[in-house]
Each structure stands twice: as structure tokens, then as C-alpha cells.
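Participant: Dumping the structure here so I can ask a few things about it.
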Amino acid sequence: MTTDDHTGFTRTETSFMSDGVRCAATVFRPAMSAAKALPAIVMAHGFGSPRALRLYAYAERFVEAGYVVCVFDYRFFGDSDGEPRQLLDVVLQLADWRNAVDFARSLDGVDENRIVGWGTSFAGGHVLTLAGNGVRFAAVIAQVPHIDGIAAVRATGFRQGLRLAPAAITDIVRAALGRSPHYVDSVGLPGARAVMVSPDAMKGRDRLLHESGLSDGDYPETVAARILLKIWRYSPGRTMSAIECPTLVQIASDDSVTPASVAQRAAAQVRKATVRTYSGGHFDPYVEPLFSSVIRDQLTFLADNVPLQLRAVPSA
């Protein structure tokens, strides 16, 4: 465990166990000790990406506002352990989320009853799934979330699906034979054998790397291809009507990865939903000029629904 001091907060590199696998986590704390336990925000990234890809920018804004923040990598990804690498398994990622939430609840100075689930893209779908299936969140923030597996496949396009099918089948066969995965790129140019090939995908990926202080090759940008034959079955929108906590759903109007119309219909099912729609694509919320608006709305939502200090209940 290592701790670095920054102006206004501390940053500690630590970990927790998930089904016997070490998951790397970074915990941000306000430098000034609070008189009462603070709410904590648990964060994870989307499809095939590590937490180092721009999530720390959000975490620093949250800790500067006074929240404890825990940012983690799924098993098989980023700085976490687990083999084979770059294996995206929805069930296992949901288990990692549950263990990350339990870890955050156990941190000193954290109010275990006020844990916020924050997810973007695929992880946005995860926090919605967990909230809809009984995980006790004080609130949820879902940024450009994955909502509907079939809609995501349609957004990929029939031709791109045919281009990826051989890789997916090869990986399924290799898994059945106990061999190492067959990988595809997470992001690529239109026409490439990659998962996300929208016109803005590579440009968005390059901006994310630059703004995160990362370079090509710092982390793998691939995923085991078998997920491509399973993603159509994963639809967090099916259980969103059961979400009871306040939920912020942030949608990009020109999102070619998680279609805006699908997200808007699903968000309408959540009783305590706050919906914000922004002009831009799937990769725009992470960087300026959209980042400032997105993070401002998140901080406003937190202040309204999970304030640092519990509001006193007026006596009768």
C-alpha cells in the first residue's frame, strides 16, 4: 500500500480480494479529517479499459468536493491480477463490483450506508444492473451507459458483426479447449476488426490517452473476442424499473455505441431518475469541452442526493 499527498487530498494505492483474485484500487480521501463519516463513491471503467484512462480526473473532482472515492480495475484488466488477461466476463465483473462496494463500506471514515455507484459505458450498465437487483446504493451515476445488448449489436452494424464473428467463434473454441484467448482490438477505424469502430472512436481514444498522460502500449487495448457472442444477452435496462435510489443518467445525443434513444426510454422507467442529455458522442464526456458540464451535473446531483452531511429531520 502506498500513499501520496496532494493539495487537498491523499491518494492511496491498495487492493481488495474478489473470489480470491487481487483487484487493484485507488482510494482518494480529503486531506482534512471529517467530524462524521463521509459518503464514498465507487468507480470503474467501461469496455476493456483500465481505471487509469481518465477516471482519476473525475475522482479528483469528487474528493476535492469532500467525498471519499474508490476507483478499481476489474480482475484480468489494468493493474489487477487474474489470468487470462483482457477477459471480459459480465458475471465476474458484477462480482468484482459487489466486492468493491463491500471494500468501500469497510474503509475507515466511510458511512457504509451512503455508497454511490459510478459507472461509465459498460460499467454504467453494471451499476444500473446492481441497483436494479438489490445492491444498496445511496445513489447511482451512469454515464453514457450500456443499456440494451441487442441495441448495442444493432449499433455495431450487420457488416461489422460479420467481420467480428470468426474471431468470436475462434475464441469460444479456444476457451473450450483450455487455450489462451483470441483477442480483438477494443477500438479501431471503420472497417477494422475491432469492437468499437464508430467514426469518432479512434480520435476519442487518442484524446483519452493524451488527457490521461498515457501512451500507446501502457495498457493492452484488446479484449478476448468471446464477449462478442454474449453481449447481446446483457441488457441492464430490463431491471431499471426496480431501481429505488436516486439515479443520474447522462446521455450523449450522438452516441453510436450506446444509442441515446434507448437510454432515454430506459431512464424513464426509474422513479427517481435525473436525466441529462449532451450534444456529443460516446467518447466526449471524458474530455473538454463536455467534461466540465458532465462533472458539474454529477457534483450537483451528489450535493442534492448524497450531501456530505446528513440533513437534520425536522421534529414534529
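The values are calculated or read from the model by the stated rules, or taken from the named source; none is laboratory data. Remember, it's a predicted structure, so these values are computed and weren't measured experimentally. Neighbour counts are summed over all protein chains in view; Cβ atoms, including those assigned to glycine, are modelled from backbone coordinates with ideal geometry. Just so you know, the surface numbers come from the protein's heavy atoms only, side chains and all, with ligands and any DNA or RNA stripped out. Shrake-Rupley method; radii C 1.70, N 1.55, O 1.52, S 1.80 Å.
Participant: Just S198, S293, S18 to compare: in a GNM of the chain, with alpha carbon springs under 10 Å, which one fluctuates most?
Facilitator: Residue with maximal mean-square fluctuation among S198, S293, S18: S293.
Participant: Same structure, new question: Taking a 1.4 Å probe, which of S186, S212 shows the most accessible area, and what order do the others take after it?
Facilitator: On the way: S186 10, S212 30 Å².
Descending order: S212, S186.
Participant: Under a Cβ-only charge scheme (Lys and Arg +1, Asp and Glu -1), can you give me the dipole magnitude of segment 131-271 about the Cα centre, in debye to the nearest 20?
Facilitator: Taking the Cα centre of segment 131-271 as origin, the dipole is about 620 debye.
Participant: Averaging sequence separations of C-alpha pairs under 8 Å and six or more residues apart, then dividing by the length of segment 11-155, give the relative contact order as a whole percent.
Facilitator: With pairs under 8 Å counted, the relative contact order is 24 percent.
Participant: Simple spin-label model, 7 Å along Cα-to-Cβ: T170 to A268 in nm?
Facilitator: 4.3 nm
Participant: Further question on the same structure: With angles folded into 0 to 90 degrees, how steeply does helix 290-305 sit against the dominant principal axis of the chain? Use alpha carbons for both and round to 10.
Facilitator: With both axes taken from Cα atoms, the answer is about 50 degrees.
Participant: Another question, if that's okay. Let me know the Kirkwood hydrodynamic radius for the chain, please, with Cα pairs as the basis and the value in Å to one decimal.
Facilitator: 19.8 Å
Participant: What is the Å³ per residue value for the convex hull set by the Cα atoms of segment 192-255?
Facilitator: Working: hull volume 10.6 nm³, N = 64.
Expressed per residue, the convex hull around the Cα atoms of segment 192-255 is 165 Å³.
Participant: At 222 nm, what helix-only mean residue ellipticity would the chain give, in deg cm²/dmol to the nearest 500, using -39500 (n - 2.57) for each DSSP H run of four or more?
Facilitator: -10000 deg cm²/dmol
Participant: Next up: How large is the accessible surface per residue of the chain, computed with a 1.4 Å probe and reported in Å² as a whole number?
Facilitator: 44 Å²
Participant: Turning to a different aspect of this structure: So for segment 43-194, considering every pair of alpha-carbon atoms, how many percent are separated by more than 19 Å?
Facilitator: 59 percent
Participant: Once ligands and nucleic acids are excluded and a 1.4 Å probe is used, how much of V257 is accessible, expressed in Å² to the nearest 10?
Facilitator: Only protein atoms counted, so the area is about 30 Å².
Participant: Divide, for segment 157-316, the radius of gyration over alpha carbons by 2.2 N^0.38 Å, where N is the residue count.
Facilitator: 1.30
Participant: Name all residues of segment 125-147 having a backbone nitrogen under 12 Å from the label point set 7 Å from the Cα of D89 along its Cα→Cβ direction, giving them as ranges.
Facilitator: In segment 125-147, the label zone of D89 (backbone N under 12 Å from the point 7 Å along Cα→Cβ) covers no residue.
Participant: For segment 224-316, taking Cα atoms only, what is the radius of gyration to one decimal and the Dmax to the nearest whole Å?
Facilitator: 16.4, 60
Participant: Per 0.36 nm of contour for each residue apart, how much would the distance between K36 and D218 grow if the chain were fully extended, relative to their Cα-Cα spacing?
Facilitator: 61.6 nm
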